[in-house]
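Each remark here refers to the structure printed beneath this line.
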Amino acid sequence: MKKEKRKQIFHFSLFTLTLIIMSNKEDILKRYRANVREKYDMPDLSDIRAITYQDPLAQFITMSQNVGGKVIEMGDRDINTLIRDLYPEAKEIATNLPEVTIATRNPDTVGRARDLNGTDVGVIRGVFGVAENGCIWIPQTMKEKAVMFISENLIILLPKSEIVNNMHEAYRRVEFNDYGYGTFISGPSKTADIAQVLVMGAQAARSVTVVLTD
């Protein structure tokens, strides 16, 4: 059999298999919906007494450091100088933030997400932080959100006045824009499920620096 013909058959088989899987999924969901006997309202969570802190910012800094991140205040320093001071050997810097003028890549203008591979430093903006666990809510504000995960090192600009106590407060503040995507990031990527050995940078950034702004 010729190579081109084998290729066509493979593509046809893959397409057919995809249709079958999609069809089965829809059939299963349709059967579930048809057999729902009783519907229930979402529970009222307004009476939950979630943890609060006397100084949410101090707690956020402590938790961020506990999960492997760094927290610094920008003060009156220039962000471009700060990036160079933090990562003097960085060659590829990716961001769409207008105040970062030393960027070599823009996630809004690259052709594909894979074009961000090899990014030494990614610079993004967080909306608010969570004192309870050091998480930062980051909605997608760039065409290629891969910059949040593929960068070797991540710098997150965060207003220090925007710190909530806990995840209950955080979820009430979560909003999506036209991209319809956002994520919570807490420190660098990490895993410890193999031999109980903690590894930083396993799936995403090896380091995360939170820069607190006024």
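Values for this structure:
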{"read-out": "Nitroxide proxy distance, nm - points 7 Å out along Cα→Cβ at Lys39 and Met74", "value": "4.6"}
{"read-out": "Sequence ranges 97-106, 32-41, ranked by mean other-Cβ count within 10 angstrom, highest first", "value": "97-106, 32-41"}
{"read-out": "Peptides 145-155, 183-193 ordered by average Cβ neighbours within 10 Å, highest first", "value": "145-155, 183-193"}
{"read-out": "Backbone HN-Hα couplings from phi across the stretch 62-75 [Karplus 6.51/-1.76/1.60, Hz, Gly and Pro as x]", "value": "4, 5, 4, 5, 5, 9, x, x, 10, 10, 9, 9, 6, x"}
{"read-out": "Whole-percent carbon and sulfur share, accessible surface of the stretch 50-198, 1.4 Å", "value": "48"}
{"read-out": "Antiparallel DSSP beta bridges within the chain, as percent of all bridges there, nearest 5", "value": "30"}
{"read-out": "5 angstrom amide H check on Leu157, placed H, neighbours 5+ away", "value": "Ile124, Arg125, Gly126, Val211"}
{"read-out": "Positive minus negative residues near Asp85 (Lys, Arg vs Asp, Glu; Cβ under 12 Å)", "value": "0"}
{"read-out": "Kirkwood-type radius of the stretch 59-214, with distances r between different C-alpha atoms, in Å", "value": "15.8"}
{"read-out": "For the stretch 159-211, diffusion coefficient by Stokes-Einstein and Kirkwood Rh (Cα), 10 °C, 1.306 mPa s, µm²/s", "value": "116"}
{"read-out": "The chain, dipole about Cα centre (Lys/Arg Cβ +1, Asp/Glu Cβ -1), debye to the nearest 20", "value": "1540"}
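The values are calculated or read from the model by the stated rules, or taken from the named source; none is laboratory data. Since the structure is predicted, the reported quantities are computational estimates derived from the model, not experimental observations. Methodologically, a virtual Cβ is constructed for each residue, glycine included, from the backbone with ideal geometry; neighbour enumeration extends over all protein chains shown. When the accessible area is computed, the model is the full protein with side chains, heavy atoms only, and any ligands, DNA or RNA have been set aside. Shrake-Rupley method; radii C 1.70, N 1.55, O 1.52, S 1.80 Å.
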